[in-house]
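For reference, the structure is listed below as structure tokens.
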Amino acid sequence: MTRGVHRLLARLGLDHGADRYAYVGQPGHGPVARTRAVDRWVRTTCGYCSVGCGMLLGVRDGRAVAVQGDPNHPVNRGRLCPKGLSEHHMLEAEGRLTTPRVDGRAVAWDAALGHVAARMRDLIDRHGRGSVAVLSTGQLVTEEFYALGKLVRLGMGLEHYDGNTTLCMASAVSGYKLSFGSDGPPGCYEDFELADVLVLWGANIADNHPLLVPRVHARDGQTVIAVDPRVTKTAMLADVHLAVRPRGDIALLNGILVALLDDGLVDLAAARRRVDGLDELLTHLATWTVDRAAAESGVDAATIRGVARTIGRAERCVFAWTMGVNHSVQGTDTVTLLDTLALLTGNVGRPGAAPFSITGQCNAMGTREAGFTASMPGYRPYDDPVARAELAERLGVDEARLPSQRGGAYPDIVDGVLAGEIKGLWVIATNPVVSFPHRDRLEAALRALDLLVVQDGFETPTTALADVVLPAAIWGEKEGTFTNSERRVSRVRAAVAPPGEARPDFDIFLALARAWGCHDDLFAGWTSPRDAYEEWRRVSAGRPCDASGISWERIDRTGGVQWPCPAGDGVPPAGTPRLYTDGVFHHPGGKARVFPVEPVALRDPPRPGFPFLLNTGRTVEHWHTRTKTGRIAILESLAPDAWVEMHPDDAAGLGLRAGDWVTVESARGRIERIRLRVTAVVRRGEVFVPFHWEDRCANRLTDDEFDPVSREPNYKQCAVQVRAAGPDRDVKARRARRARRSSAPAPARTARPAPAGDPR
Ligand code: SF4
């Protein structure tokens, strides 16, 4: 290898010396990195985004020292993005929680959990079961979600339980339920490659889901259409970029539907056989014209007609979306319209033809399937008597013990705290101080609590406010499964022991169940996540997300299995790639449903004093609130600080230049100093800020307005002003902080027997 290659590998933490590193091929397999510096490779799944890349985690002397893409994994075929390539550094990063703390004092686990149980019981005794709430995450393994749901809703009997998945994917869930009668992405990644036309709507996959990019333009002749207000990296890959006006999506979708009908590109007879609600939709669309759609969406009429013809004449079309659609007060509505577009053009249930939500977190799907939040385990509705009876029978509990409704969603829990109705909150593996909109209000809610319990792997701005801190093991230190965006269940394995007294979340849930007194009732005989998984397989049987045929051994053989996969013969080894291939949907009668949708005006539009519209998003180097990636030197050096993007004409109008420090302020809060990027990537009158940073927190600005159905926040549209700021006096202090972090000693790990792995 050249010195340049060594330098690159060293930066990524993959190089262990010129004489120690070589790639070798294996018959029937892709290339696998071999190094004498690694004792063994543990096969696992990436713990960041929902693409679900397979990887091999290298371990030496009980520490994670390297990572590489799994060449045999069906999702990524050996590739990883910058976050995945540096993921082993997370396990050695500073800032880990290693000891339970109560009121700032280190205590033993029994004392901490006894305190949590006693304080929560006291609140419930005095104020009722609605006075304690739980906020979970999309970062746990499915086995932990399943155990947590049982503990919270059946064991502790709490009314309010939700997760940060409501902040990213709830609108996709609500839209799927309305359109198809159940949650569940209908397509798969292979459809990206097979589609004649691939529409990426509000989906900047180049930054957010990088290992989907190799699926784009994977074959000649594919037309890629990107819909996004910004000229994102993904828009730069596309053949056609529709720079839709923020909140213009519904007008644009209505316009495309009108143009399809005008050109006779919808087979209405076939559509009528597939869907209910068609007449209401057609009546509504008769009130629309393409010209109106153009005026309201910012995309000209000729382009709308051209795109409609491209879609309508294509044999196979995929409509993929993510946060650009979901992060809106009309996210659910927009999802149903994307589903409608797919249904009316016959693009559901065929290879290369699907509506497809790209999920956010590594296991957001797992909590959707197995949790007790938006639905009961197995996508069972709370109000379906048949589903309730079946679930109660499989769990071996009295049906009356099942909750009768979902309880408060995430924003309703925050409202409940501010109203004084919720007095205790248990936050698990999420950092709402940075991730929830309108930060000042969220912090006021957390400070108003009588009891805040935070369970996490790292110190965060949220743990800093906690009365009780529970140190948890993180990815790489625990066992289980993730489900990715295409419904593929993959294994997650422990490679190293957690540091100090940190424990897997699964162990913490079972220990709290013992402290609460419901362990023997709900978890008798459970000793490991595998026990939870085997019960989950039985509970999921016959449901849309049937995993009864997905054993851990089958996952090992195939690299990952897509649900539904009932037990028995008849399903391919790697499961079911597509839903609705028989044209039968989950609504009674088997038809899908379409809905008329009107756009609603912005609540916080640009105006004098706040003349710009703020859009928020991500960058490829960081993950969520940087709890993990902010501690990894290579990622920090690639993206050390937040920025604000502004169009050159707007910057010139304000007398600002690229690199200036500016203040960005909304009606709710301000970022005091942030670097200006002057770029035509954003439209005139709009600005963009990535949301990852705590010190330049975009959520000090965002509006706490929520989708009325899904309760997902409207992160992407609010009014701000931008003005010149003074120099950054904190810059030296922050650089010194970063230098201290990168030289901090790695956390001590307790020795324990080698965890189950896949040595190579
Ligand atoms: Fe991990 Fe997503 Fe990157 Fe794949 S694309 S390596 S799953 S962060």
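Is it fair to say Arg488 is touching a strand residue (DSSP E or B) at 6+ places or on another chain (Cβ under 7 Å), more than 15 Å from Glu143 (Cβ to Cβ), buried (at least 18 other Cβ atoms within 10 Å of the Cβ) and modelled with pLDDT of 95 or more? Yes: the conditions hold for Arg488. Just one of the numbered conditions (1) outside any loop (DSSP other than H, G, I, E, B); (2) of a type outside the set (A, V, I, L, M, F, W, C); (3) open to solvent by 50 Å² or more (accessible area, probe 1.4 Å) is not true of Arg554: (3).
When you go through Thr576, Thr558, Thr527 one by one, which is the residue that is free of Cβ contacts under 8 Å to residues at least 12 places away in the same chain and away from the ligand (no atom under 16 Å from the Cβ)?
On the way: Thr576 fails: free of Cβ contacts under 8 Å to residues at least 12 places away in the same chain; Thr558 fails: free of Cβ contacts under 8 Å to residues at least 12 places away in the same chain.
Within the list Thr576, Thr558, Thr527, the selection yields Thr527.
Phe192 falls short on exactly one of the conditions (1) of a type in the set (Phe, Trp, Tyr); (2) more than 16 Å from the ligand (Cβ to nearest atom); (3) within 17 Å of Val240 (Cβ to Cβ), and that condition is (2).
In the set (1) out of contact with any Ser or Thr (no Cβ under 9 Å at 6 or more places or on another chain); (2) of a type in the set (Lys, Arg); (3) assigned to a loop (DSSP other than H, G, I, E, B); (4) at pLDDT 95 or above, Lys150 fails one condition alone, (3).
Working only within segment 35-63, note down all residues that are away from the ligand (no atom under 15 Å from the Cβ) and among the aliphatic types (A, V, I, L, M). Ala37, Val38, Val42, Val59 - these are the residues of segment 35-63 that are away from the ligand (no atom under 15 Å from the Cβ) and among the aliphatic types (A, V, I, L, M). The number of residues in segment 318-342 that are hydrophobic (A, V, I, L, M, F, W, C) and either in a helix (DSSP H, G or I) or more than 24 Å from the chain's Cα centre (by Cα) (or both) comes to 7. When Ala18 is tested against (1) open to solvent by 10 Å² or more (accessible area, probe 1.4 Å); (2) more than 12 Å from the ligand (Cβ to nearest atom); (3) in a loop (DSSP other than H, G, I, E, B); (4) at pLDDT 90 or above, exactly one condition is not met: (4). Considering segment 82-138, the qualifying helices (runs of 4 or more DSSP H), each wholly inside and each with 3 or more residues that are within 16 Å of the ligand (Cβ to nearest atom) and either more than 25 Å from Gly420 (Cα to Cα) or out of contact with any His (no Cβ under 8 Å at 6 or more places or on another chain) (or both), run over 82-85, 87-90.
Cβ separations smaller than 7 Å between residues 6+ apart or across chains give the following pairs from segment 176-194 residues that are free of Cβ contacts under 8 Å to residues at least 12 places away in the same chain to residues that are outside any helix (DSSP H, G or I) and of a type outside the set (S, T, N, Q): Lys177/Asp183.
Exactly one residue out of Val492, Val571, Val539, Val496 is touching a Ser or Thr at 6+ places or on another chain (Cβ under 7 Å) and in contact (Cβ under 8 Å) with a residue 12 or more places away in the chain: that is Val492.
The values are calculated or read from the model by the stated rules, or taken from the named source; none is laboratory data. The structure displayed is predicted, hence computed values, not measured ones. Using ideal geometry, Cβ is built from the backbone for each residue, glycine included, and neighbour counts are taken over all protein chains shown. Side chains included, ligands, DNA and RNA excluded: accessible areas come from the protein's heavy atoms. Shrake-Rupley method; radii C 1.70, N 1.55, O 1.52, S 1.80 Å.
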